[in-house]
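All of the numbers you see were taken from the coordinates with simple rules; none came from a lab. Note that the structure is predicted; figures quoted are calculated from it, not measured. In this analysis, Cβ positions are derived from the backbone assuming ideal geometry, glycine residues included, and neighbour counts consider all displayed protein chains.
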2 protein chains.
Amino acid sequence: MKITMAHGSGGESTSELIRQIFAKHFHNEVLDRMEDSAIVPGNGRIAMTTDSFVVTPYFFPGGDIGRLSVCGTVNDLLMSGSVPKYLTCGCILEEGMDMDDLDRIIASMAETAREAGVEIITGDTKVVEARTGKGGLMINTAGVGFARDGAQCEPSQCADSDAVILSGTLGEHHAAILGSRMGIHNNIVSDAAPLVEMVNGLMNAGIHVHAMRDVTRGGLGTVLNEFASASACCMNLQEKDLPVSDQVRDFCGILGLDPMYMGNEGKMVAIVPKEEEEAAVKIIRGSRYGENAAVIGHVEKNADTTPAVVLHTQIGGRRVIGLMYGEGLPRIC
Amino acid sequence: MKITMAHGSGGESTSELIRQIFAKHFHNEVLDRMEDSAIVPGNGRIAMTTDSFVVTPYFFPGGDIGRLSVCGTVNDLLMSGSVPKYLTCGCILEEGMDMDDLDRIIASMAETAREAGVEIITGDTKVVEARTGKGGLMINTAGVGFARDGAQCEPSQCADSDAVILSGTLGEHHAAILGSRMGIHNNIVSDAAPLVEMVNGLMNAGIHVHAMRDVTRGGLGTVLNEFASASACCMNLQEKDLPVSDQVRDFCGILGLDPMYMGNEGKMVAIVPKEEEEAAVKIIRGSRYGENAAVIGHVEKNADTTPAVVLHTQIGGRRVIGLMYGEGLPRIC
């Protein structure tokens, strides 16, 4: 079965589509009321975010656009120091979209939401004329999280001697999408994952996280440059400590890509006080998706510091990691 | 200037686009922080909604897709009895989109948000390959509102003898879009509007609104059928009291359309206790966009009632208004 324009009519076909796919997988007490707005318990301070996902292919090693659409929004909420709670799901379907594919993608969204402990409480579906001739899908997820009292994570908080912790190996998601599009067969799988357990772990243990960011489009190099300029710090990284899998390293080597600029969808960088670095790494390593976490460098900030990201290479050299040059193709989310 | 794939790269072109168009128009303290999540004051109970807008043409008499994208989400929040507060803006641009058109549309979103008293606090922009060859735009807005204590608006609350109040004339938005697409020149303009003032008026005056719904896709006929089946009531409407402008009546007559199923984007129907109907109509008539409000019928509910919507015609006949037949083309939002 294919999606037709009638599925976007607002009439019986739309109701059927919603019942048979969206309501079936997302099923929860709030969504089931099928009102135009969902009313849920709130909080004194809330975090809001939105992200649209237009990546192709929809299915790739290690994930799909549905999993990605939940992880991206959940992780954005987490990085602000909030507890992700509710998601909305706005789907724009292209005429010709395969219904079984849609079913798998929505099932994947639902499963990822359960894993992340968030509820998808309201949604909307539109159908547009086919762009590609073979049907397609764009997903917007907006999210609300509850801000934690006391948590103050902002790039400007990075301070002298803070540890730079990376939660795992670089580049998997980017390499998986690129490999899929190029028809390359290898064992690299996307790392798309909700980082709820590791962030909650850090917060609940009272680690004073100064800044946190998920490593997505633009890669680690981009995130750390933003931190460096927001806090007027120098980020000194040790090349030997950077976690990169052999497979991704080889893949990058062949294609001339730099893991420092490759996008992930299930990794984060956290800046924590030096005296808490061991405890923080231990918590992340003990959490789901954090087994390869490592301290990859330290922050330097004094009167003479020029904001920069500097990689200290294994042979004793210094390489300045600038802003990403070019576009980081293909689109990864 | 046209949108190119580079505007979706996440690099310098994306930043420039965001600065020159989105940040310029949406400018507010929260958005200006440009974080992935926006943190704002919350509330004990919140309402959430999402809607995607894919209508063409982007500009039509009386409005544009930007104004529509704010009104639709604001009105959905209002209809749940909540006070709309925050909006997210997720734009998917097609390669080739005209930058001046985008600028006008985003300016219109900003202006409508100001009128509605909501803040657009976070956003996301993606660029996809052109679908139509001439560039295009899809907008998702998700919204958060603060639920009012005590307000309990639900279709199931409709009770015997309640008044059915319509806030104005039927069909303008639908006729304006249809006329635009058909190249028909007349004076019909879309009624797209945020209904904040009239809903706040009713709530603040303590009117016991049993159910409220904006009259959008599917029209008044569809809304009242949903109310009738949710509350097992019969909605008796008086044809002579239905507000329809002469222009829309003529337009519908020529094309064989029924105003009962035409979509609006700035009208609502409210079900209120009979003893409060005069006060409610007065409040709505005194509010912006409510000058043509009228009691159009009453609810009947007793042991023998069959849920239905019945139009009592001017010549003394009875016409059952069923669920919408067909699709209500063209897409109006």
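Brief remarks follow.
- In this calculation the C-beta distance from B:Ser229 to A:Met5 is compared with R0 = 30 Å, giving a FRET efficiency of 0.70.
- Peptide ranges B:230-243, B:156-169, A:148-161 listed from the most packed, as the mean C-beta count within 10 angstrom indicates: B:156-169, B:230-243, A:148-161
- Remark: segment B:62-191 carries a charge dipole of roughly 80 debye about the Cα centre, counting +1 on each Lys and Arg Cβ and -1 on each Asp and Glu Cβ.
- Placing a pseudo-label 7 Å from each Cα along the Cα-to-Cβ vector at A:Glu111 and B:Arg249 gives an inter-label distance of 5.9 nm.
- The Cα atoms of the protein assembly as shown give a gyration tensor whose axes a ≥ b ≥ c have a/c of 1.5 or more with a/b greater than b/c, which makes the shape prolate.
- Pairs of Cα atoms nearer than 8 Å and 6+ residues apart set the relative contact order; for segment B:1-93 it is 18 percent.
- Relative contact order (%) - chain A, alpha-carbon pairs under 8 angstrom, separation at least six: 22
- Helix A:65-79 and the longest principal axis of the C-alpha atoms of chain A enclose an angle of approximately 50°.
- Distance between segment A:1-64 and segment B:1-60 - C-alpha centres, whole angstrom: 21
- Packing order of peptides A:135-142, B:106-113, highest average first: A:135-142, B:106-113 (average count of other Cβ atoms within 10 Å over each peptide's residues).
- Cα-projected label distance for A:Arg319 with B:Ser15, points at 7 Å along beta-carbon direction, nm: 2.2
- DSSP beta bridge pairing in the protein assembly as shown, given as percent antiparallel to the nearest 5: 75
- Legend: residue pairs A:Lys126/B:Lys274; B:Lys240/B:Lys282; A:Lys2/B:Lys2; A:Lys2/A:Lys126; A:Lys126/B:Lys126, Cα-Cα distance threshold 26 Å; pairs beyond threshold, A:Lys126/B:Lys274; A:Lys2/B:Lys2.
- Separation between Cα centres of segment A:260-333 and segment B:184-242, rounded to whole Å: 55
- Per-residue shielding of B:92-98, expressed as the average number of other chain Cβ atoms within 10 Å of the residue Cβ, stands at 1.
- Angle in degrees between helix A:99-116 and the longest Cα principal axis of chain A, rounded to the nearest 10: 50
- On Cα atoms only, tilt of B:172-182 relative to the major axis of chain B in degrees: 60
- Inter-copy label distances at A:His27 (7 Å, Cα→Cβ; nm, one decimal): 5.1
- With a 10 Å cut-off around each Cβ of A:215-227, the average count of Cβ atoms from other chains is 1.
- Position B:Ala279: other-copy label points at 5.9 nm, ordered by increasing distance, label point 7 Å along Cα→C-beta.
- Within segment B:129-166: backbone nitrogen closer than 18 Å to the B:His312 label point (7 Å, Cα to C-beta): B:159-166
- An oblate overall shape is assigned to segment A:14-84, the ratio a/c of its alpha-carbon gyration tensor axes (a ≥ b ≥ c) being 1.5 or greater and a/b not exceeding b/c.
- Using a Förster distance of 60 Å, the FRET efficiency for A:Lys282-B:Asp98 (Cβ separation, nearest 0.05): 0.65
- Sorted from longest to shortest, the spans of the Cα atoms of segment A:5-147 along the three principal axes equal 45, 34, 21 Å.
- Counting only other chain Cβ atoms within 10 Å of each residue's Cβ, the peptide B:9-15 averages 5.
- Computed over segment B:155-320: relative contact order in percent, which uses C-alpha pairs under 8 Å that are six or more apart: 44
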